[in-house]
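Below is one structure; the comments refer to it alone.
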Amino acid sequence: MDIEKLRVADLKARLAAGGDVQDLLAAMKEDCRVSVRKLAAAYMRQKIREEAERERVLHMYAQETAYYNQGLYHVAGIDEAGRGPAAGPVMVAAVILPPYWECPGLNDSKKVPPAKRDVLYDKIMAEAVAVSCVAKSEKEIDELDIYHATMQGMYDAVNGLAVPAEAVLVDAMPLRELTVPHKFLVHGDA
């Protein structure tokens, strides 16, 4: 492939267009222009990062896969926020995502930059099978204690899903009264 007449911007556009770029990359690696060789190397590093992220996200589905294999496709994930602060409500969410839903960057919210959190939120709300969010007030926390208020919030969030959960994965808190198959996972938020 003769690419000597193509500008770096043209090569970048061809790479961005996707498709079969193997021959193009091979030619770019042999090009006499340093900028073209650097572009090829940067493209490959980006593809390696994207693949690693895709594998990380798909690895998160290991627990769901056991349920999918049983024909249970509406698997709710539950997590909370706000158990750490001395005052304020505890927020609990239950979310059912489509099986093997891909979302690069999905992670424990504490590990995601705020701007990316907003993007992820929009994508989740647009594509989730069902979402239920519950707040347990300071008053409820005072009456029940933070642990039991959080637990009640988790039950309420599962029961509030518009599409019933067929199975549930919970971040670190056993919910023994659930009537569907469930599992609690230490560091499940990750």
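The values are calculated or read from the model by the stated rules, or taken from the named source; none is laboratory data. Predicted, not measured: the structure shown is a model, and the values here were computed from it. Positions of Cβ are backbone-derived with ideal geometry, glycine not excepted, and every protein chain shown enters the neighbour counts.
Scanning for something of a type in the set (Lys, Arg), surrounded by fewer than 15 Cβ atoms within 10 Å (Cβ to Cβ) and closer than 15 Å to Glu80 by Cβ, does the stretch 106-124 turn up at least one residue?
Yes, because at least one residue in the stretch 106-124 is of a type in the set (Lys, Arg), surrounded by fewer than 15 Cβ atoms within 10 Å (Cβ to Cβ) and closer than 15 Å to Glu80 by Cβ.
Among the residues of the stretch 57-75, are any among the charged types (D, E, K, R) and surrounded by fewer than 17 Cβ atoms within 10 Å (Cβ to Cβ)?
Checked against the condition, which is being among the charged types (D, E, K, R) and surrounded by fewer than 17 Cβ atoms within 10 Å (Cβ to Cβ), the stretch 57-75 yields no hits at all.
Limited to the stretch 73-95, what total is found for residues that are modelled with pLDDT of 90 or more and under 10 Å from Val134 (Cα atoms)?
Adding up the residues that qualify gives 5.
Take the residues in the stretch 96-135 that are β-branched (Val, Ile, Thr) and modelled with pLDDT of 95 or more, then tell me which one is nearest to the chain's Cα centre (by Cα).
Ile96
Which fully enclosed helices (runs of 4 or more DSSP H) of the stretch 1-62 have 1 or more residues being closer than 20 Å to Pro104 by Cα?
It comes to 8-17, 34-59.
Here is a yes/no grid of residues against (1) outside the structural domain of His148 (by TED's automatic domain parsing); (2) within 30 Å of Leu185 (Cα to Cα); (3) not hydrophobic (A, V, I, L, M, F, W, C):
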{"residue": "Asp23", "(1), (2), (3)": "yes, no, yes"}
{"residue": "Arg37", "(1), (2), (3)": "yes, no, yes"}
{"residue": "Glu51", "(1), (2), (3)": "yes, yes, yes"}
{"residue": "Gly82", "(1), (2), (3)": "no, yes, yes"}
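Does the stretch 64-81 contain any residue that is in a helix (DSSP H, G or I), within 30 Å of Val180 (Cα to Cα), without any contact (Cβ under 8 Å) to a residue 12 or more places away in the chain and of a type in the set (Ser, Thr, Tyr)?
Yes - at least one qualifying residue is present in the stretch 64-81.
Let me confirm something: among Ala9, Ala42, Ala62, Ala94, which residue is aliphatic (A, V, I, L, M) and in contact with a Leu (Cβ under 6 Å, 6 or more places away or on another chain)?
None of the other options fit; the residue is Ala94.
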